[in-house]
1. Using a Gaussian network model on the chain with a 10 Å cutoff between Cα atoms, which of I88, I77, I119 fluctuates the most?
2. List the trypsin sites (Lys or Arg not before Pro) within segment 65-134 that DSSP assigns to loop and that have no more than 16 neighbouring Cβ atoms inside 10 Å.
3. Considering only the other residues whose Cβ falls under 11 Å of the Cβ of M213, what net charge follows from Lys and Arg at +1 and Asp and Glu at -1?
4. What ranking of C13, C85 emerges when the number of other C-beta atoms within 10 Å of each C-beta is taken as an exposure proxy, fewest first?
5. Under a point-charge model restricted to the Cβ atoms of Lys and Arg (+1) and Asp and Glu (-1), what is the dipole moment magnitude of the chain relative to its Cα centre, in debye to the nearest 20?
6. Among residues other than T74 whose Cβ falls under 14 Å from its Cβ, what is the net charge (Lys/Arg +1, Asp/Glu -1)?
7. In whole Hz and in residue order, list the ³J(HN,Hα) couplings for segment 83-92 that follow from phi through the Karplus curve 6.51 cos²θ - 1.76 cosθ + 1.60, θ = phi - 60°; x for Gly and Pro.
8. Return the whole-Å distance between the Cα centroid of segment 83-142 and the Cα centroid of segment 16-54.
Amino acid sequence: MSKKPREIFLKGCNEIAEVLILHGFKVAQKGQTVSKRPNKDITLQVYFQSSHYNDENSVTIIPHITVYSKAVKTFDIKAYKNEYCTGIVWGKQLCYILGAEYKIWNLAKTSYARTVSEIQKALTDTVLPLFDVFCKSSDEIIEYGITQKLDISLSYFLVFGGKETAEQVFQTKINQCRYKGQYMKLYNTLLNMKEDNIDPKYNEFVGAGEMKMAYLQGLRLR
């Protein structure tokens, strides 16, 4: 009797996770989530997403790589006025860490072994070294984030780097963004608003909430 797609997916998750378990990671959700807390603040997580449309010929697996900070979560809940903030410091789908193109992996049939091996290799060669960065001191994380353009959460810079560093990061991010005009239009609107009327929970477009949060924290653009 053939296995159901869900069984194949979870089997793949657990096999892939073996390379992380060797480095102190623990599995949860039947293997769908693998995480590690290297210190009291940081949590490193790999989450395997699947699809409701799986069948015997296609069992989707999409690895999501995320770093969380307890201190950033506390800060974000207050700064964004949102109790559901999770404290994400950095995160990407695995495919975007490996390259610029979107990709999903297939665990069905003959693709199974190749997919497991490919994701294990990517986690070992690319993700674990990135995770190692977040096991270092906050100063080292900030330095790496800036020099390598890692797109770390602005909140992390506010919490651990201070206003001046955060403002420099904020300015650079806006200057290099291809939607700079849209951001500056919002920024100029904020300049003429009362702070009590600014809602960082509301995103008119991607990144609008972060800009509002930054403005409310006193960061200014030149």
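Each value in this text was obtained by applying a stated rule to the coordinates, not by laboratory testing. Predicted model only: the values in this text are computed from it and were never measured. Heads up, the Cβs are rebuilt from the backbone with ideal geometry, glycines too, and the neighbour counts pull from every protein chain shown.
1. Residue with maximal mean-square fluctuation among I88, I77, I119: I77.
2. K81, K103, K109
3. +1
4. C85, C13
5. Using only the charged Cβ atoms, the result is roughly 240 debye.
6. Local charge sum for T74: +2.
7. 5, 9, 4, 9, x, 5, 9, 7, x, 7
8. Cα centres, segment 83-142 to segment 16-54: 10 Å.
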